[in-house]
Structures are given as structure tokens and as C-alpha cells.
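Have a look at the structure below, then the notes.
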Amino acid sequence: MPGFFHNVYAVARRETRRLIHQPMYLVLMVVLPVVSFSFFAILFGQGAIRNVPIAVLDQDNTTLSRKVVQMIDETPTAMVSYGIQDMAEGERLMREGKVMAIIQIPAFFEKSILSNSQTHLENYVSGTNITVNGLLSKDIQTAVTTFSAGIQLQLLMKQGLTERQAMAQLMPVRFDKHVLFNPHINYGYYLAPSFLPMMLMIFVVMVTTFSLGTELKLSTSREWIETAGDSVWAALIGKLLPITVVMFLIGLVMLIVNFKIVGTPLNGSLAMILVGTLFFILSYQSISVLIVSLLANLRLSLSIGGGYSVLAFTFSGLTFPIMAMWEPMQWVSWFFPFTFYTDLFVDQMLRGTPWVYSLPDLGYMALFIVLPMLCLPRLKRVATEEKFWGRL
Amino acid sequence: MSRFSKQIASYWQQTGAVIRNEFHTIFTDKGVILILVFALLIYATAYSLAYGSQVLRNVPIGVVDECRTPTSRALIDAFNSGPNTYVAYTPTSMEEAKELFHARKIYGVVYIPSDYERNLYGGEQANVAIYCDASYFLMYRQVFQELVTSIGQTGAMVEFQRLVAKGANIPQARATTQPVIYQSHNLFNPYLGYGTFVMPAIIMVIIQQTMLIGIGMIGGTWREFGLYHKLCPAGRRRMSTLPIVVGRALVYALIYAVTCTLVLGLLYRLFHFPMNGDPWTVGIFMVAYMSACIAMGIAVSTLFRYRENSLLLLLWTSIPMLMVSGVSFPREGIPEWLYNLGQLLPSSHGVDGFIRVQTMGASTAEVFGEIKWLIILTIVYGGLACIGIHQVIRRELKQREAACAAEKGRSE
């Protein structure tokens, strides 16, 4: 056993030298991850989405119609930027990308309200961006409902009801709304915990594949195995360990960016997040080893590994829930450790789930660390037989 | 033959040679084929499959019913009858609901207090409490919307009945219950499908990214093995890089014309993505977008010194590029300067314009602003591509000369 540790140490020393001498490692392990984290920190710095331009077609043009337009304008999301004369003009503005919604107030709007007969208000929202659509629809609906409730209140009070009675009359069922974990619907809170780990993952895959693949490309892999005293385990651990350490430190930078700069809350267990991050990095390193062993080709491994890591995002269910996907697609989501890591991350960061509930996620990630190791005999063959070297 | 026509003829010849060489390079290199030809098809299909179901329905929720009366059960039925939620559990206490929640069995909880029916029939206001999980945006939106609508409808029904009971006539009661009918219409994507929303943007970004990485891989390979000078006809004194850039661009354009037709023609139909664009407008727009992407691809490719570099250095940029185009993360939330910086990328204009043409049916005139920008980017990146290739070839020739001289020196 001491021999084993000696071998691991020898390879780790060799690897550290390589990491220092090839500038690509510095770029992949430090420069680009930090650049990408900064990008998302800046992107989400603004937080809420405000003042989306909309157009208003006011065919009534009375005090009440102007009142409702003003109430819509005062909502956080909507901003009335255009007053238009007909729907054709509004449609053109929408196709030119200048407005996201058109509000139409019909003629006799005020007159109908004052004479106690029903009128209507139409909202045409573009569905091309469902995020903006969701926020805009909700805000405009709230504004119109508030406006409408104000009218009802006045009507009922005119009939001699007290304000309390009138309120009970116009809203017989009241609800207390509790928006859990992200009360202000900060869009950054949704996206930061998905994109930041995504970047970490891409660089873990790239750097691990690169460090293994270049041994084959430059025909140095036999020397690598020999440094480890011909033990493929020692060779692999010694090689991956320095990368794991650096990437885990970068993972800490990611967590700092997430919690301190983007400012997401930390409602659960930090220890669980740290263990999860370590497992996450190890699982993707392990998968990279599998890919290089099977393909024995640096560039092809990078293509496949890269393609695999980019796909993970879609199947993680962070933006489009897994529950909503077709069933075979739900199975696909099990092939990515990212799915389990983001589950754990969201649970521990936002939802404050007791840590026991995240243990299964850790378990699945552990499977992704262990299972690819079955390819080690193949790795040894690839690393020692010359026919696998120097491939493009 | 005049000097001018001689020049043209020689350009023509050179372009032909470049095209042949490029086809040979691409189709003898599996790595390049994978990225330039198949990646777009594979990714577009994979993402379409993932988003194919388009909408989230039937999110499980839990209701804690302390009232247990026909009235409260009617409210539960209202939650069940909507398309977006179903009452999967009726836990007996909030504690139990919390456990279900942490186990991800339910994504929302409604608490109906024991005095619900009494208040409702006593002419008082009845209270219910709703708890929505906002840690997933879509989940939150569907649950919240359904709960609020159900409660609102139940309330309106009660109000209406009370008014009629007091002797109001039906139109009057209706007008008092709801003075303003609010109707919201979702244009271009009536059911707010997720695929319809993101796929046009994703396809545009994949086109640009596969071009950048694929062309970058060719450039990196050529530089790694010193093959650039082959693009320059032997014995030519003055180097002309324009035919090289044009020739290469034509080859890429041809490949993408085929794959894009497959994606926009076949895949779009298979997955029922909206095709409201006039085919000519779509064609014109795609030509402009493709030229800008190719010009940028060639310009960037001269920077890579090794075969694998484009993949190592560019893969991660896909998501940031999708973000700055203002789709997944709305434009209004992006800092102004970052958004403006993003305008240097063809994808920012491409995504915006393409959605408007293909999803919203905009005419060429309505996306003229985007097309203009794409042309400007083509010219700028095309110029940079010429300069880049010129530099690379000059450096390569110099190195060869130096190597030749050294060789000669040694042999003498």
C-alpha cells in the first residue's frame, strides 16, 4: 500500500508540472470559469425585469379609460410606450419587435361602467417569450382586477353597504398568498443555480478530457503509466487529483458568486452543498475518463463529452420541468449527474429541505463516480498500446 | 485578354481550387463532419424531443381541508377540474403537507380553514391560504394561476348568487360581479408552449456555434500541421485572400443550406413549431444570418493554433450567447452595455429577427434593421477573415522558407 501512495504521489507531481507548463490548463481551469461566472453575475445583477414596452389602443378616451391605462403603466413590468390608432398599427409594432403586448379598450368603456352594464378589456400578449408573457400577463391582470374591484366597491357602497360589507360581497373568498422560497420571483434565482454549475461542469469535462487525451495525442501515455509503477489506479488518481482540487476551489468561487454576488438565499445545509459539489465534479471527471477510454481520441472525446455536458441542462428540468416531458425523455434525464446536483442545490439553497432528503441525490451521483471505473482495464490497454496513440 | 479579365479568371480558378480543397478537408475529417453537418441535426432533434410536450399540465398539489363540507369540497373540485393542477394528496395537517412537499410529491398547498363554509354563507369573507413553490418558475406559474382562477371563479359564483338572492336581475348582477371582463389573448403561441418559445432561438445559436467550432477546428488543424499555404496557388506572387474566404464560405453555406432546410422544413413540421414566415423572407434572412456566421467563423478560426482549441475555448460560450440574445433571459433584465456588446454577435440579431419572421410572420421590411446589421457584421468579419488568413499564410510561408534555408545550410 505505501507503494501505491508513492506511485500516486509521483503521478500527481508529474501532473502538477504539466498543469503549470501548459497554459491551456490555466485558461480552462481558472480564467474561463471565472470569466463565465462573472458573466452570469453581471447578467443577473439587475434581478427583476421591468418596463417592458406595450402599446395601448384606447377607443374610448375618457377619464376611466385613461385611469386604467395609467394603472397598467404603473405596474412594475409594463410600460405604455405607444398610443396607437388601430390594431394594424399595433400588429406592425409587434412584428417590428417594439412592443410585447397591445391593450385594447373598447368605445363606450366609461359609459357602460357608469350605467352598470358589463364592458370588456382585451389584452393581446405576444407568446414568443413566455417569460415576459407570464410576467406581463400577471401584472396587467392584477391592474385590471384592482381597477374593476374599485368600481365594484363604489357601486356597492352607493347601494348603502359599509366598506367591510362591500368587500365581503365583492370578494367572498379571499386568499392569503405565500410564495415560498423566491417571494419576489427574482429570475436570477432560477437561472443562477443552473447556469453556474453548468459552466463548472463544462470546464471539468473539458480539462479532464484534455489532460487524459493529450497523453494519447502526444504519445506520452506509456510514460504516464510507468510513472505510476504500472498501476492504472495510481496513474488515474494521481492524474485526476490535482484537477479535482483546483476545480473544487473553482467550485467554491462559484458558490461565493452565487450566494454573495447574485445573492440567492441559503436556506439549507451548506455542508450538503459542498459535499454535493465535490461529488458533482468527481462524477463528471469519472464520465470523462470513460469517454476517453472508449474513444481513445482527444478531439472526438472532447466533441462527445462536450455534447453530452451541454445536453444536461435541458434535461435537468430547471427551466422546463421533467414532469412535463414525454416519458422516454424523463428517462433520459437520469443519464446526467447534473439533474441530481441541481435537485440537491435547489433543495438546499432555496427550499431549505432537511438534508436527509438530499441523500438519494448524492447516492445517484456516487453511482456516476463508480460505474465508469469499470472501463479501467480498457484505459490501461489504450494507454500502453501504441496503436491508440497520435490519433487526430 | 486584358489584365482585368485575366485577374478575374485567375480568381475564378483559385476559388474553384479552394472549394475543392475545402470539400476534401471536411469530408475526410470525421470530427469536422460531426460538428459541421450532424451536430445541428442531432441537437435540434434532441432539444425538440425534450421540449416536444410543450406545456406543463397536472402539477400535483395538496389540500389541507379543515372544513370538510360540501362547500369546501366544491373548491377542491375546482382545483381538480382545471388543466394545470390536480389534488394528489389531502393531508390532514400542515406538518404532513410539508413532508410531502419536501419529498417533491406536491408543489403547492391550499389550506381551507374550518370556518370556511360558515363565513361564506354568513355573508362574511372566507379565507383560504395558498402556498406555492416558487423554486421552479414554470411550476409556480401553472399552480398559482390555476389556484387563483379557481378561487376567483368560486368567489364570483357566490357573489352572483348573493346578488340574485337580494333581488338583482341577472344582467345587473353580472355587471356588479364583473364590471370589466378582462380577456388575455396569447398571440403566436396560444398555449404558451415551451418548445415554440425556445426552439427558434436555440436553433439559431446552434447554427452559429457549430460554425464557429467546426470552422475553428479546420483552422486549428491547418495551423497545427502547416497546411494553410496550400490555399495559395503555387507561384503566385501577390497573395489574394478574398477568393480563399469566398470559396470556403460557399462550401459552408452549401452544407448549411442542406441541414437548415432539413431543420426548418422537416423538423419544424414534425414538432409543429409555428411557420408563419413567408418562405422568401425566411430564405433572405437565413442567407444574411449565415453569411455573418460564416465570416465570423473564418475570422475566429485563424486564431486557433491547435485542432482541439476551438472546442475547448468556445463550447461554453453557447449559453452566454443565447442569454445575451435576450430570449431566455428577457432583454429588459440585461444590463444595457452587455446587451450592446452582444450586438457584435450574429446570433443576437439572428435570434431576434428569425423569431419575428418565422413565428410572428414579419415581412422583410419589418426585419430590415436586423438584416442591415447582419450585412454590416458580414463585411466587418469578412474583412477580419481576409486579414487573418493573410497573416497566417505569410507566417507559414516565412517559417517554411526559414526551414528550407536551414535545411540547405545543413546539407551544404
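The values are calculated or read from the model by the stated rules, or taken from the named source; none is laboratory data. Every value quoted in this text rests on a predicted model; they were computed, and no experiment measured them. Note that each Cβ is placed from the backbone with ideal geometry, even for glycine, and that neighbours are counted across all protein chains shown.
Remark: pairs (first residue in the range A:111-123, more than 7 Å from chain B (Cβ to nearest Cβ); second residue outside any helix (DSSP H, G or I); Cβ separation under 6 Å; 6+ apart in sequence or on different chains) = A:Ser112/A:Thr119.
Confirm whether A:Phe315 is modelled with pLDDT of 90 or more, closer than 27 Å to B:Tyr131 by Cα and more than 10 Å from chain B (Cβ to nearest Cβ).
Details: modelled with pLDDT of 90 or more: yes; closer than 27 Å to B:Tyr131 by Cα: yes; more than 10 Å from chain B (Cβ to nearest Cβ): no.
No.
Against the conditions (1) farther than 25 Å from A:Asn186 by Cα; (2) in a helix (DSSP H, G or I); (3) more than 8 Å from chain A (Cβ to nearest Cβ), B:Leu120 satisfies every one except (3).
Would a scan of the range B:12-30 turn up a residue that is surrounded by 14 or more Cβ atoms within 10 Å (Cβ to Cβ) and not in a helix (DSSP H, G or I)? Yes, because at least one residue in the range B:12-30 is surrounded by 14 or more Cβ atoms within 10 Å (Cβ to Cβ) and not in a helix (DSSP H, G or I). The set of residues in the range B:157-179 that are facing another protein chain (nearest Cβ under 10 Å), assigned to a helix (DSSP H, G or I) and without any contact (Cβ under 8 Å) to a residue 12 or more places away in the chain comprises B:Met157, B:Gln161, B:Pro171, B:Gln172, B:Ala175.
Suppose we filter A:Gly251, A:Gly213 for residues that are in contact (Cβ under 8 Å) with a residue 60 or more places away in the chain and either crowded, with 22+ Cβ neighbours inside 10 Å or assigned by TED's automatic domain parsing to the domain that holds A:Gln22 (or both); which single one remains? Can you show your working first?
Values: A:Gly251 fails: in contact (Cβ under 8 Å) with a residue 60 or more places away in the chain.
Step by step, each of A:Gly251, A:Gly213 is checked, and only A:Gly213 is in contact (Cβ under 8 Å) with a residue 60 or more places away in the chain and either crowded, with 22+ Cβ neighbours inside 10 Å or assigned by TED's automatic domain parsing to the domain that holds A:Gln22 (or both).
Against the numbered list (1) exposed (fewer than 14 other Cβ atoms within 10 Å of the Cβ); (2) touching a strand residue (DSSP E or B) at 6+ places or on another chain (Cβ under 8 Å); (3) within 13 Å of chain B (Cβ to nearest Cβ), A:Gln85 comes up short only at (3). Across the range A:60-78, the number of residues qualifying as surrounded by 15 or more Cβ atoms within 10 Å (Cβ to Cβ) and either free of Cβ contacts under 8 Å to residues at least 60 places away in the same chain or farther than 21 Å from A:Met100 by Cα (or both) comes to 7. Scanning the range A:299-328 for residues that are closer than 20 Å to A:Tyr341 by Cβ, in a helix (DSSP H, G or I) and in contact with a Leu (Cβ under 6 Å, 6 or more places away or on another chain) yields one hit, A:Gly306. Taking A:Leu266, is it within 14 Å of another protein chain (Cβ to nearest Cβ) and closer than 26 Å to A:Leu43 by Cα? When the stated conditions are applied, A:Leu266 passes them.
Answer yes if at least one residue in the range B:52-74 is in a strand (DSSP E or B), in contact (Cβ under 8 Å) with a residue 24 or more places away in the chain, surrounded by fewer than 22 Cβ atoms within 10 Å (Cβ to Cβ) and within 9 Å of another protein chain (Cβ to nearest Cβ), and no otherwise. Yes; the residues of the range B:52-74 include at least one that is in a strand (DSSP E or B), in contact (Cβ under 8 Å) with a residue 24 or more places away in the chain, surrounded by fewer than 22 Cβ atoms within 10 Å (Cβ to Cβ) and within 9 Å of another protein chain (Cβ to nearest Cβ). Mind counting the residues in the range B:31-51 that are within 27 Å of B:Leu250 (Cβ to Cβ), free of Cβ contacts under 8 Å to residues at least 24 places away in the same chain and surrounded by 17 or more Cβ atoms within 10 Å (Cβ to Cβ)? Counting residues in the range B:31-51 that are within 27 Å of B:Leu250 (Cβ to Cβ), free of Cβ contacts under 8 Å to residues at least 24 places away in the same chain and surrounded by 17 or more Cβ atoms within 10 Å (Cβ to Cβ) gives 1. Please tell me if A:Thr146 is outside the structural domain of A:Ile256 (by TED's automatic domain parsing) and assigned to a helix (DSSP H, G or I). Answer is yes for this residue.
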